[in-house]
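The values are calculated or read from the model by the stated rules, or taken from the named source; none is laboratory data. Just so it is clear, the model here is predicted, and its values are computed rather than measured. When we count neighbours, we look across all protein chains shown, and the Cβ atoms used for this are built from the backbone with ideal geometry, even at glycine. Remember, those area values only see protein heavy atoms, side chains included, never the ligands or the DNA or RNA. Shrake-Rupley method; radii C 1.70, N 1.55, O 1.52, S 1.80 Å.
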Amino acid sequence: MNSMMASQSVTILGSTGSIGTSTLDVIARHPDRYRVFALTAATQVELLLAQCQQFVPRYAVMANPEHAQQLAKRVRELGLSVEVLAGPQALCDVSSDPSVDAVMAAIVGAAGLAPALAAARAGKKLLLANKEALVVGGDLFMDAVREGGATLLPIDSEHSAIFQSLPEDPTAWTKRVEKIVLTASGGPFRTRDPVSLAAVTPEEACAHPNWVMGRKISVDSATMMNKALEVIEAHYLFGLSPSQIEVVIHPQSVIHSMVQYLDRSVVAQLGTPDMRVPIAYGLSWPERMASGAAALDFGRLGALTFEKPDDLRFPGLKLAWESLAGPTGTTAVLNAANEVAVAAFLDQRLRFDQIHAVNHATLTALNPSKPMSLDDLLAIDHEARALAKAQVDRFAA
């Protein structure tokens with residue numbers, strides 16, 4: 001049977017977030033090719049219920065028992081044949097179930113690490129939209145992918161663009177590639193005076209010019225910490241040294257990233273800024289299918305511009321290379337510190353410009369031991385968060 005026509009069973013981790021809802025939009029366009037095995041959410045009971053009504057998965061998972069009870073009650077009232085589960089183990093179970101072909105890993109934060117690892121170890125087709133799997137998991141996660149025989153497909157628009165621009169044979173990547181270039185929009189403060197960034201409000205930071213995203217990743221885009229995390233991801237995904245990874249600001253978000261080969265030719269992937277494109281590519285790989293995204297109109301496209309990132313405006317970007325140069329586990333420290341700092345900023349306990357200060361201070365304060373297990377990674381994450389919270393308290397005082 002043609003692989004494109006064979007029906008795939010899909011678990012969506014984080015189905016109520018922007019990536020999750022976009023994934024369901026793509027799946028709804030191809031009901032003959034995909035069926036939903038499980039949907040999971042943190043707190044959004046009503047939205048998950050609506051998704052259960054439309055897609056009728058075998059399982060629906062909520063992060064905690066209280067929300068699961070609310071959902072289960074509504075599911076029973078509607079007579080849906082959906083089993084409701086709760087908690088971290090349930091996330092791992094619906095990611096590794098033998099009935100599952102593909103897992104969309106789109107849970108934001110360290111909470112998404114364990115189920116992504118479970119999917120990797122179970123040899124699934126793993127569509128990775130969760131930065132933490134690689135930023136926190138690093139070599140441990142990539143080892144699980146190799147040992148489990150999983151197929152790892154990046155869903156971040158930049159990493160998908162790199163993947164689409166590389167040779168099909170991964171053994172050729174290090175032999176033919178000189179460097180990869182991750183493009184960045186520059187976020188809402190690309191042209192703002194760095195001196196004025198101390199006064200930025202959460203609402204301003206979350207108003208991204210090109211993409212519709214959750215609040216945390218919107219702030220990361222405004223600080224360009226999202227790009228720092230993507231540099232770390234790219235290092236692990238593509239097996240290239242940190243010195244072979246470059247970032248360039250491209251405000252139009254049309255070129256999603258580029259690969260420069262040894263002969264100095266550059267291959268780029270272009271498209272409208274719509275996450276359904278990399279999602280559809282990941283779901284249908286190695287083939288392609290309709291995503292629902294609008295086509296590029298080259299007659300109306302206008303100029304494509306590029307500029308180097310400004311260290312004064314985006315000091316957090318260089319922390320990617322600094323953390324990759326540190327002991328194994330240092331990237332997990334950076335991720336944890338950033339989550340704490342961004343949460344404090346969104347709660348208006350920290351100024352926008354102090355996010356970097358907290359991240360840098362936490363990196364300086366913690367020299368992690370090499371993680372050998374998920375528990376080790378979570379211990380590093382826990383210690384880094386405690387240190388970052390102390391830094392937040394110091395700045396907020």
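Report note on the peptides 129-140, 259-270: ranked by the mean count of other C-beta atoms within 10 Å, highest first, their order is 129-140, 259-270.
In debye, nearest 20: dipole of the range 18-114 around its Cα centre with unit charges on the Cβ of K, R (+) and D, E (-)?
My answer is approximately 140 debye.
Taking the inverse of the mean 1/r over every pair of distinct Cα atoms in the range 199-333 gives a Kirkwood hydrodynamic radius of 17.0 Å. Solvent-accessible surface of the range 349-388, averaged per residue with a 1.4 angstrom probe and all protein chains in place: 51 square angstrom. At what distance in angstrom do the alpha carbon centres of the range 221-268 and the range 146-180 lie from each other? One Cα centre to the other: 12 Å. Classify the range 55-154 as rounded, prolate or oblate from the Cα gyration tensor: take a ≥ b ≥ c as the square roots of its eigenvalues, call it rounded if a/c is under 1.5, otherwise prolate when a/b beats b/c and oblate if not. It comes out prolate by the Cα gyration axes. Placing a label point 7 Å from the Cα of Asp347 along the Cα-to-Cβ direction, the residues of the range 90-114 whose backbone N falls under 18 Å of that point are 109-111. When you count the other C-beta atoms within 10 angstrom of each residue and take the mean per peptide, 141-154, 291-304 line up highest first as 141-154, 291-304.
Assign unit charges at the C-beta atoms only (+1 for Lys and Arg, -1 for Asp and Glu), then state the dipole size of the range 16-75 relative to its Cα centre in Debye, rounded to the nearest 20. Walk me through the numbers before you get to the answer.
Details: 6 positive and 4 negative charges, 38 e Å.
Roughly 180 debye, rounded to the nearest 20.
Carbon and sulfur together cover what percent of the accessible area of the chain at a 1.4 Å probe radius?
The C+S portion of the solvent-accessible surface of the chain is 53 percent.
In deg cm²/dmol, rounded to 500, what helix-only [θ] at 222 nm does the chain give when every DSSP H run of at least 4 residues adds -39500 (n - 2.57) and the total is split over its residues? Each step should come with its number before you reach the end.
Working: 18 runs with 181 residues, N = 397.
Theoretical 222 nm ellipticity from helices: -13500 deg cm²/dmol.
Given 0.36 nm per residue, what is the gain on full extension from Ala365 to Arg300 after removing their alpha carbon distance, in nm? Mind showing how you got there, number by number?
Values: separation 65, 0.36 × 65 = 23.40 nm, distance 5.04 nm.
The Ala365-Arg300 span can extend by a further 18.4 nm.
Relative to the current alpha-carbon distance between Asp310 and Ala396, full extension at 0.36 nm per residue lengthens the span by 28.3 nm. In a reduced charge model with +1 at each Lys and Arg Cβ and -1 at each Asp and Glu Cβ, the chain shows a dipole moment near 340 debye about its Cα centre. Bridgeable lysines around Lys227 (alpha carbons under 29 Å apart, same-chain partners fewer than 8 residues away excluded): Lys124, Lys125, Lys131, Lys175, Lys179, Lys216, Lys308, Lys318, Lys370, Lys389. Probing with 1.4 Å while keeping every protein chain in the model, the per residue accessible area of the range 1-130 equals 41 Å².
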